[in-house]
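**Q** What follows is a single structure, and I will ask about it in a moment.
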Amino acid sequence: MFPAGVLPLDVVLGVVLYWFGLGLAGLARPGSLRFVSRVLFPLSVAGSTVLAIAGIAAVPGQPDTVVLVLGLPDLPFHVRLDALSAFFVALLGFATTGISLFCVGYFRHGQGTSPGLLCLQYHVFLAAMVLVLVADDGYLFMVAWETMALSSYFLVIASHRIPEIRRAGFLYLLLAHIGAIAILLAFGVMHGAGGDYTFDAMRASEPPLFWASATFMLALFGFGAKAGLLPLHVWLPEAHPAAPSPVSALMSGVMLKTAIYGLLRVSFDLLAYQVWWWGVVALVLGLLTALYGVMFAAVQTDMKRLLAYSSIENIGVIVAGIGLALIFRTYDNPHLATLALVATLYHCVNHACFKSLLFLGTGSVLHATRERSLGKLGGLIRNMPWVASLTLVGALAIAGLPPLNGFVSEWLLLQAFLFAPGLPNPYLNMLVPLGSAALVLAAALSAYVMVKFYGVIFLGQPREPALADAHDAGGWERAGLVWLAAACVLLGLLPLPVIQLMDYVTLPLTQFAIGDTAGRAGWFLLAPVSADRASYGPLIFLLGIAGAVLVTFVLVRKVYHGRIRRAAPWDCGYPAQTPRMQDTAEGFGQPIKQIFEPFFRIRRHVPTPFDAQPYYAATTEDRLWHWLYLPIAQLNQRIAAWVSVLQHGRIYLYLLYSFATLIALLLFVN
Amino acid sequence: MAPWIQTVISQLAQTLLVVLLAPAMLGWVNQCRAWLQNRTGPGVLQPYRVLGKLFHKDAVLAHTASPIFRIAPYIQFGCMVLAASIIPVIEADLLLSPAADVIALVGIFALARVFSSLAAMDIGTAFGSLGARREMLVSSLSEPALLMVFFTPLLIAQSTSLTAIADALAHRQFALYPSLAFAAVAFVMVLLAENARIPVDNPTTHLELTMIHEALVLEYSARHLALIEWATAMKLTIYCALGIALFMPWGLAAAADWRGVPLAVVALAAKLVVAGAGIALLETVSAKMRIFRAPEFLGMAFLLAVLGMLIFLLLGA
């Protein structure tokens, strides 16, 4: 694939340099939108594609390591590309190909960050994510992690003249750093007394049970903060609506996966052994996150907030899969552990495809209508057929419907759940099946959410007259959407090659691979355990439905007729209907609000008969803000108030403090 | 005859059987309801006449209808044909059954439902989206219950493939599984909810406040409506056949055994007749409940199914 002597790791590092270069090139003409979007972004797409190829090529290969000359004296950066890294690198390359293609046509002149600066931030963000994936020591990992957090922070606040966007960015930055501290501490615990921060040294050390558990918990907390795990999910619904759509796609589709990568790396690779209750913690937390995310997604009225909550749900599913894999691994069932892990990895790829696709779709809608609120959209399928049909693929895929890709990972994960009985722990035997029910509830509700998302935006009648001028996306935007939609379809129809590629990833982690078993029943059938236990053939599935549809269509036309009359919709005897009488986003979410009321903090303003200008308003908030974040914030303020007693802003007082400290220290030393 | 021709023929025969018999099944349920309500009833063949009438009419489409609205009935129909091809009705080992297991079967129903909900929202009238959100609500609560129902037979058979489950249950020692009894009750509750029957929905209602399924199809007419009604009848038949395969699978024909087929057909017909009468009886003795009581109803189905599973795990029976 590459010239002889060029290793995939070299290619990956080359692309990182190339991206840094492209970013700097953006500064050459920072004000020129044409130069940045028509010259630099197409070049960036080429880098993404090369990266995807290099990643796929490296998955089956041997791990490859390089010590860079960069870094601090005596503390060089170590880089390693093994199957797990390569898999996520390929995911990154693949998803960013679509996102960068979309970017070529997306950016417009506007207030906020200039195009050149945006280009720099974008490419630094991409390069930092690659470095996170290939880092082989705690030092480079943290440097890349922080670069990733900072560059994405600047991307989020691209429209920094709007105060809400600045607030959202600050919240993101805050939680990113709280998470980073936990990750740093986790690395600190793992390196133990050796003082060697390379991952090799961490692998070799065998920490005692308490410290190993502490590491896992810190990693779960730290990476969970980045991924949006309960209760650290609050930044997602704020940051995603604030960021430009391709950036949301990049953050939700790709950056969240780097956190999953980190969690997998620490729990399966760096820690020498696992304990069963880690898995239980991850499983329960993941399922709670999934349910919480999807419930909140159902009641959102802003399309990007809705997708942000849906990301929280998907991350919950992924973490639940990791928890299940941990449980099976510790109970010595490598086959099911691998199955759960494969389902998790598959869901990572799927989420990268369909969530990026949906976020990009909202970007096109935003450009066409300047409207993010679901209550002011509607009927766009007529003006925007391209965006509408491609978004439909994403919406069906994320709703977990066969034969698209979301169903494959859900099916694999359910298989792992359903064959759980047989664990030596009777309580787990009973609890794990209930987990599968929670997973199915989350999946069914996500179908609800997607019907709402798609139906309110694209179907029905336009809720505002201005929507009649909405225009379809341009060629570059379409190309990006087509790329990701095609991925959703292909990953759904041909899961076997992907799963066989994952063998190389799972083999070092669980010492098992399911690719052979999965393909034994034929290349079109997926049978992860054995053909009698479960099988699924997406291609047959599609052909079956398509064949039935075709035969029905032809038969109906031949035997009867295909005559059509157009008329006004049935008005139930009330002719004065307007588009505003359609169901709103609030209305569509209302049953969920009513059934799961205890989970929401709902504030209603109900008009009285005496109001001169009566209005009704209902806001739905996250209870965790009031239960967790506000108390912490208040405590913080109180402590700050105590400390402020010392603060008077007079220089002699501060000199006095320094003097007193010096005296105290001298006394202490003596 | 080459064996593969036999398999193809038996597959086609079974699919066609379900597709063609489905309206009769619906007619039978309606006829039993009529008898139980002291009415004469239109006869078992009435749904065929209705379908014929609808196919002959010109389709009326709203000005605002998009392609989704026109393709959705075909997709619903196609989904049900596929579902009819994979469930064990006459014999268990079908050509297409490896392509989808119970989870994928739930997926097929979900696909059909999502398209019908999207089509209902397409015209942009108040009733369409009202029906869509109610339908999605009921289904999102009944899906976990349905999966838990499948759990107990699945544990017994150690497989999610319908063929293997039906085989394992048909050829077990004739022992009573108390766990299956709980699962069966839960399954009947899910069946009523998923097929828009009383007490969750009323298939004959035209009162707007109580409509679910009728609100979804309010804008449809002629051949589109016929396909939807036919798909609905097929869904009911498939659910009944599924219940039979899970909870009373005796009499299924073994693979490639032509002599077992007549017996299997007779057994199936008898069981469907009983099942249809049972549904009619349940519908007649219960009252339609408020939409917000549906979660309690489905929650109870869910708990019963979980109870069945726990009993199986504790007692092993």
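The values are calculated or read from the model by the stated rules, or taken from the named source; none is laboratory data. Note that this is a predicted model, so its numbers are computed, not measured. When we count neighbours, we look across all protein chains shown, and the Cβ atoms used for this are built from the backbone with ideal geometry, even at glycine.
**Q** So how many residues does the range B:140-184 have that are in contact (Cβ under 8 Å) with a residue 12 or more places away in the chain, aromatic (F, W, Y) and more than 13 Å from B:V306 (Cα to Cα)?
**A** 1
**Q** Please go through the range A:16-46 and give me each residue that is among the basic types (K, R) and more than 18 Å from A:P246 (Cα to Cα), ordered by number.
**A** Matches in the range A:16-46: A:R29 only.
**Q** Filter the range A:553-587 down to residues that are among the polar types (S, T, N, Q) and crowded, with 19+ Cβ neighbours inside 10 Å and give me whichever is farthest from the chain's Cα centre (by Cα).
**A** Once the filter is applied, the top-ranked residue is A:Q582.
**Q** Which ones in the range A:95-125 are aromatic (F, W, Y) and closer than 21 Å to A:G475 by Cβ?
**A** Of everything in the range A:95-125, those that are aromatic (F, W, Y) and closer than 21 Å to A:G475 by Cβ turn out to be A:F102, A:Y106, A:F107, A:Y122.
**Q** A further question on this structure: Please go through the range A:457-476 and pick out each residue that is closer than 14 Å to A:W386 by Cα and either surrounded by fewer than 22 Cβ atoms within 10 Å (Cβ to Cβ) or at pLDDT below 85 (or both).
**A** A:A470, A:H471, A:D472, A:A473, A:G474, A:G475, A:W476
**Q** When the residues of the range B:43-65 are filtered to those that are among the β-branched types (V, I, T) and more than 19 Å from B:G276 (Cβ to Cβ), which remaining residue is surrounded by the fewest Cβ atoms within 10 Å (Cβ to Cβ)?
**A** B:V60
**Q** Helices (runs of 4 or more DSSP H) wholly in the range B:41-125 with at least 2 residues that are within 25 Å of A:L414 (Cβ to Cβ) and more than 7 Å from every other protein chain (Cβ to nearest Cβ) - which ones?
**A** Counting at least 2 such residues, we get B:67-86, B:102-122.
**Q** Answer yes if at least one residue in the range A:333-356 is assigned to a loop (DSSP other than H, G, I, E, B) and either aliphatic (A, V, I, L, M) or surrounded by fewer than 24 Cβ atoms within 10 Å (Cβ to Cβ) (or both), and no otherwise. Spell out the reasoning first.
**A** Initial filter on the range A:333-356 (assigned to a loop (DSSP other than H, G, I, E, B)): A:333.
Now drop any that are not either aliphatic (A, V, I, L, M) or surrounded by fewer than 24 Cβ atoms within 10 Å (Cβ to Cβ) (or both), which leaves A:333.
For the range A:333-356, residues assigned to a loop (DSSP other than H, G, I, E, B) and either aliphatic (A, V, I, L, M) or surrounded by fewer than 24 Cβ atoms within 10 Å (Cβ to Cβ) (or both): present.
**Q** When the residues of the range A:230-278 are filtered to those that are part of a loop (DSSP other than H, G, I, E, B) and in contact with a Pro (Cβ under 8 Å, 6 or more places away or on another chain), which remaining residue is surrounded by the most Cβ atoms within 10 Å (Cβ to Cβ)?
**A** By that ranking, first place goes to A:L271.
**Q** Continuing with the same structure: Of the residues that sit in the range A:513-559 and are in a loop (DSSP other than H, G, I, E, B) and polar (S, T, N, Q), which one is farthest from the other protein chains (Cβ to nearest Cβ)?
**A** Going through the qualifying residues, I end up with A:S530.
Okay, residues lined up against (1) at pLDDT 85 or above; (2) more than 12 Å from chain B (Cβ to nearest Cβ); (3) assigned to a helix (DSSP H, G or I):
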| position | (1), (2), (3) |
| --- | --- |
| A:Q577 | no, no, no |
| A:R580 | no, no, yes |
| A:E586 | no, no, yes |
| A:K593 | yes, no, yes |
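**Q** Still on this structure: List every residue pair whose Cβ atoms sit under 7 Å apart, with the two residues 6 or more apart in sequence or on different chains, where the first one lies in the range B:45-74 and is of a type in the set (D, E, K, R) and the second, anywhere, is part of a loop (DSSP other than H, G, I, E, B).
**A** B:K57/B:S221; B:D58/A:R563
Each row is one residue, and each column tells you yes or no for (1) more than 23 Å from A:V342 (Cβ to Cβ); (2) in contact with a Gly (Cβ under 8 Å, 6 or more places away or on another chain).
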| residue | (1), (2) |
| --- | --- |
| A:Y18 | yes, yes |
| A:L84 | no, no |
| A:A90 | no, yes |
| A:F102 | yes, yes |
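**Q** I'd like to verify a number: residues in the range B:258-296 that are closer than 21 Å to B:A170 by Cβ and assigned to a loop (DSSP other than H, G, I, E, B), how many?
**A** 2
**Q** When you scan the range A:385-412, how many residues do you find that are out of contact with any Ser or Thr (no Cβ under 7 Å at 6 or more places or on another chain) and in a loop (DSSP other than H, G, I, E, B)? Write out each step before concluding.
**A** As a first pass, look at the range A:385-412 and keep what is out of contact with any Ser or Thr (no Cβ under 7 Å at 6 or more places or on another chain): A:385-386, A:388-397, A:401-412.
From what's left, in a loop (DSSP other than H, G, I, E, B): A:401-404.
The number of residues fulfilling the criteria is 4.
**Q** Restricting the range B:161-181 to residues that are within 11 Å of another protein chain (Cβ to nearest Cβ) and within 22 Å of B:L314 (Cβ to Cβ), which is surrounded by the fewest Cβ atoms within 10 Å (Cβ to Cβ)? Can you show your working first?
**A** Our first condition is that a residue be within 11 Å of another protein chain (Cβ to nearest Cβ); within the range B:161-181, this holds for B:161-165, B:167-168.
Remaining after also requiring within 22 Å of B:L314 (Cβ to Cβ): B:165, B:168.
Details: B:I165: 24, B:A168: 18.
My answer is B:A168.
**Q** Mind checking whether some residue in the range B:141-159 is under 28 Å from B:L95 (Cβ atoms) and not in a helix (DSSP H, G or I)?
**A** yes
**Q** Give just the number: which of (1) more than 18 Å from the chain's Cα centre (by Cα); (2) within 12 Å of another protein chain (Cβ to nearest Cβ); (3) at pLDDT 90 or above; (4) surrounded by fewer than 22 Cβ atoms within 10 Å (Cβ to Cβ) does B:V19 not satisfy?
**A** (1)
**Q** Considering only helices (runs of 4 or more DSSP H) fully contained in the range A:161-229, which possess at least 3 residues that are surrounded by 23 or more Cβ atoms within 10 Å (Cβ to Cβ), under 18 Å from the mean Cα position of the chain (by Cα) and at pLDDT 85 or above?
**A** Counting at least 3 such residues, we get A:163-191, A:209-227.
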